[in-house]
Amino acid sequence: MAWWPIGASLFASSEGSGLFIGLAGTGAAGGIAVTGFEWNATYALLALAWVFVPVYISSGIVTMPEYLQRRFGGERIRMYLSSLSLLLSIFTKISTDLYSGALFVQVCLGWDLYLSTVLMLVVTGLYTIAAFNEIGGYPNLEEAYLKAMPSKIVPNTTCHLPRADAMHLFRDPVSGDLPWTGMTFGLSIMATWYWCTDQVIVQRSLSAKSLSHAKAGSILASYLKMLPLFVIIMPGMISRVLYPDAVACVDPEECVRVCGAAVGCSNIAYPKLVVELMPSGLRGLMIAVMMAALMSSLTSIFNSSSTLFTMDIWRKLRPGAGERELLLVGRVVTVVLVALSVVWIPILQSSSGGQLYVYIQAVTSYLAPPVTTVFILAVFWPRANEQGAFWGLMAGLALGLARMGLELAHPTPRCGVPDRRPWLLTDIHYLHFAVLLCTATGAVVVGGSLLTPPPPLARLKDLTWWTLSREPPQPSVDGTSQGTPDGEDATEPLFWARVCGINAVVLMCVNIFCYAYFA
């Protein structure tokens, strides 16, 4: 069924490098709190299918910047968002995928996406069972994790100690490494950007056969997103338990010897676990399906990035460009993106204490909240206009780049080195900064919109939640549907609408129970 590829590809795109990066995040001191990044996706995915996709479909858009252009008019917002999306692809998506997954192996595999997704889940389940068996089962995990310390430590420090709250999702809002306030509010802003406005993700739902298929795909992806605690997070913690001298090293000289990075070796949690625990045959199969999933993720990013550049930037620079020229430009853009991403890898490797998961979330929190704010106001506040949206994006970009520049100029100090970073870095967690950035952007958008003329009502038709056409499309004389780009997309059978609605409620109940259990 069409909804299965949508759900599988949504999950695979998120987890293409997520297995490696998630294990890296928990191989250090993160613990179960990293699960919040996965489970938070449930509500964003449901919002995508029930709120954003109907608006996108009715507007007849191909790319996310195109939606903002139709909603607000003008070209500058579309050009800016396309450029920002390309930068985010370099900073977070392509560079991390390249860094975490040996690109040349991926190119040689060429496995089917959905087969790779299923095999990845099956084989991951097998090595998860092997990992739990190695430490004596789940009941021993917490005790063993809290005792997992490297033999070589930095004197008079506590860097080598696992966090006492490692088994809790919700942590202290001031001293926690992932404060519950940031996980609840800041993370929701970033999740909305990723799942509801990012081209790589949304293009899958826009290709759905019908709205019911888009909803079912999001629900399936949400169910799959409940699994990372057991197949990513806990195995990462087990990797630290089994190999503390490698995965949990804190002494710079020792870390350089183990993995070549002085800031830490938590990023080797996944390969260390696979190489040490899996038999030769399953080890090769695990690596193969992992590489195939990473290749699928990169392919999606390359496709969406080249589409953004050719459709939203190059066509504006050269309106008369033909299909052959656009195809050539798209290929050149892909090569340039790969080259820039490779150049960025050394910076990525030393940022955020060497933890890829933290790096990705931090960079996203500096650049994505303004986009989230503008999309939400575009969909839900018809009074928002082009002037307010543009200057809100510019203000948000300036603030985000300022914080990101400070982060790069003052990296997290190594173990034993006093933390003399500016207060903006030490006292304001990146998830809390995302909330402040979103609020500041919203204030500028609202203020700018109220101080300038409102957008024409005619432009708002089918472009906001409140002006969305609720009537099914009417067949024309030749038998085709009118009123939306695809007549079948605009309607859904009552039976399947109810099935999707019931599953959405069940999914939220499961999610809330899991949150409460591990809080």
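The values are calculated or read from the model by the stated rules, or taken from the named source; none is laboratory data. Quantities reported herein were computed from a predicted structural model and do not represent experimental measurements. In this analysis, Cβ positions are derived from the backbone assuming ideal geometry, glycine residues included, and neighbour counts consider all displayed protein chains.
Tabulated data
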{"quantity": "Check on Ala261, among the small types (Gly, Ala, Ser), part of a helix (DSSP H, G or I) and either at pLDDT 75 or above or surrounded by fewer than 24 Cβ atoms within 10 Å (Cβ to Cβ) (or both)", "calculated": "no"}
{"quantity": "Of all residues making up the range 407-437, the number that are crowded, with 18+ Cβ neighbours inside 10 Å, out of contact with any Gly (no Cβ under 8 Å at 6 or more places or on another chain) and among the hydrophobic types (A, V, I, L, M, F, W, C)", "calculated": "2"}
{"quantity": "Qualifying residue in the range 386-407 (condition: of a type in the set (Lys, Arg), farther than 19 Å from Ala191 by Cβ and in contact (Cβ under 8 Å) with a residue 40 or more places away in the chain)", "calculated": "no"}
{"quantity": "Test for Thr96: is it surrounded by 24 or more Cβ atoms within 10 Å (Cβ to Cβ), under 18 Å from the mean Cα position of the chain (by Cα) and at pLDDT 85 or above", "calculated": "no"}
{"quantity": "Tally of residues being of a type in the set (S, T, N, Q) and in a loop (DSSP other than H, G, I, E, B) across the range 321-336", "calculated": "0"}
{"quantity": "Candidates Ala24, Ala47, Ala41, Ala33 - the one that is at pLDDT 60 or above and closer than 30 Å to Ala246 by Cα", "calculated": "Ala33"}
{"quantity": "Residue in the range 216-238 that is at positive phi and small (Gly, Ala, Ser) present", "calculated": "no"}
{"quantity": "Odd one out for Lys225 among (1) buried (at least 20 other Cβ atoms within 10 Å of the Cβ); (2) closer than 27 Å to Val499 by Cβ; (3) out of contact with any Leu (no Cβ under 9 Å at 6 or more places or on another chain)", "calculated": "(3)"}
{"quantity": "From the options Ser266, Ser218, Ser296, residue that is at pLDDT 80 or above, within 24 Å of Glu38 (Cβ to Cβ) and of a type in the set (Gly, Ala, Ser)", "calculated": "Ser218"}
{"quantity": "Residues of the range 32-74 that turn out to be of a type in the set (A, V, I, L, M), outside any helix (DSSP H, G or I) and farther than 20 Å from Leu86 by Cβ, as a count", "calculated": "0"}
